[in-house]
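Asker: I'd like to ask you about the structure that follows.
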Amino acid sequence: MNVTLPPDRAMFEADLAAPDFRRGEIEGCWRHVVTAWPRAIIAVSAPPRAGAPNEYAFRFECSGYRQNPVTAQPWDVAANAPLPGNRWPGGTSIVPSVFRPDWKQGHCLYLPCDRISIAGHDAWPAQYPSRLWQPARGIICYLEQVYELLNQSDYTGLRGA
């Protein structure tokens, strides 16, 4: 018996199998951990920093995928719970401006491509057009931004360290 997936999940599953996502996995940029639709956990690699993990997991809420942007929060895979704020990525300026446990009670990242964060930021489309959700690129546009943030010199390791 064939089970028909809802369109948003079918599109997400196709994107996980697509060359851009697979290339990121092969290059060690990210890895798919698990999907329990409409949520998926994807871990994004980070460079070595004293006392910090080599990757951060994010739980993405993907309902309405790709037409609706996703939203993501740092996630503790072992506890299957939100990552405590002191274990979020830290940095000197840019990284802490995005990874803000105080923003929306830690339910999302402060990024223009995030479904929750874009609301109320009417100037962001003009200010950050390359940082917006791009339905044609799907989850890749979000993952590339997180990977870029974690792999720049501004990233210092754990926020609470």
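Asker: Which residue pairs have Cβ atoms under 8 Å apart, sit 6 or more places apart or on different chains, and have a first residue in segment 100-111 that is without any contact (Cβ under 8 Å) to a residue 60 or more places away in the chain and of a type in the set (Ser, Thr, Tyr) and a second that is open to solvent by 50 Å² or more (accessible area, probe 1.4 Å) and in a loop (DSSP other than H, G, I, E, B)?
Answerer: The qualifying pairs are 110/100.
Asker: Can I ask one more? Being under 28 Å from residue 10 (Cα atoms), in contact with a strand residue (DSSP E or B) (Cβ under 6 Å, 6 or more places away or on another chain) and among the aromatic types (Phe, Trp, Tyr) is true for just one of 75, 133. Which residue is that? Write out each step before concluding.
Answerer: On the way: 133 fails: in contact with a strand residue (DSSP E or B) (Cβ under 6 Å, 6 or more places away or on another chain).
Criteria check complete, one pass: 75.
Asker: Could you tell me whether residue 70 is under 14 Å from residue 149 (Cβ atoms), open to solvent by less than 60 Å² (accessible area, probe 1.4 Å) and among the β-branched types (Val, Ile, Thr)?
Answerer: Judged against the criteria, residue 70 is not a match.
Asker: Another one. Can you tell me which residues in segment 13-49 are of a type in the set (Phe, Trp, Tyr) and within 22 Å of residue 157 (Cα to Cα)?
Answerer: Within segment 13-49, the subset of a type in the set (Phe, Trp, Tyr) is 21, 30, 37.
Passing the criteria: only 30.
Asker: Residues that are modelled with pLDDT of 95 or more and closer than 20 Å to residue 42 by Cβ: find the strands (runs of 3 or more DSSP E) completely inside segment 55-126 holding 3 or more of those.
Answerer: Because the criterion is at least 3 residues that are modelled with pLDDT of 95 or more and closer than 20 Å to residue 42 by Cβ, the strands (runs of 3 or more DSSP E) in segment 55-126 that meet it are 55-61, 71-76.
Asker: What pairs come up if the first residue lies in segment 4-26 and is in a loop (DSSP other than H, G, I, E, B), the second is open to solvent by less than 70 Å² (accessible area, probe 1.4 Å) and charged (D, E, K, R), and their beta carbons are under 7 Å apart, counting only those six or more places apart or on different chains?
Answerer: Every condition considered, the pairs that remain are 5/13.
Asker: How about segment 79-99: which of its residues are of a type in the set (Ser, Thr, Tyr) and either open to solvent by less than 70 Å² (accessible area, probe 1.4 Å) or under 17 Å from residue 145 (Cβ atoms) (or both)?
Answerer: Result: 93, 97.
Asker: Sticking with this structure for a sec: Closer than 17 Å to residue 158 by Cβ, at pLDDT 95 or above, in contact with a His (Cβ under 9 Å, 6 or more places away or on another chain) and among the aliphatic types (A, V, I, L, M): is that true of residue 52 in this structure?
Answerer: So residue 52 does not fit the description; no.
Asker: In segment 31-45, which residues are open to solvent by 20 Å² or more (accessible area, probe 1.4 Å) and not β-branched (Val, Ile, Thr)?
Answerer: Scanning segment 31-45 gives 31, 32, 36, 37, 38, 39, 45.
Asker: Every residue in segment 136-161 that is closer than 22 Å to residue 8 by Cα, in a loop (DSSP other than H, G, I, E, B) and open to solvent by 50 Å² or more (accessible area, probe 1.4 Å), please.
Answerer: Answer for segment 136-161, where residues must be closer than 22 Å to residue 8 by Cα, in a loop (DSSP other than H, G, I, E, B) and open to solvent by 50 Å² or more (accessible area, probe 1.4 Å): 136, 137.
The values are calculated or read from the model by the stated rules, or taken from the named source; none is laboratory data. What you see is a predicted model; the values in this text were computed from it and never measured. Counting neighbours? That spans all protein chains shown, and the Cβs are built from the backbone with ideal geometry, glycine included. Quick note on the areas: whole protein, heavy atoms, side chains included, nothing else; ligands and nucleic acids left out. Shrake-Rupley method; radii C 1.70, N 1.55, O 1.52, S 1.80 Å.
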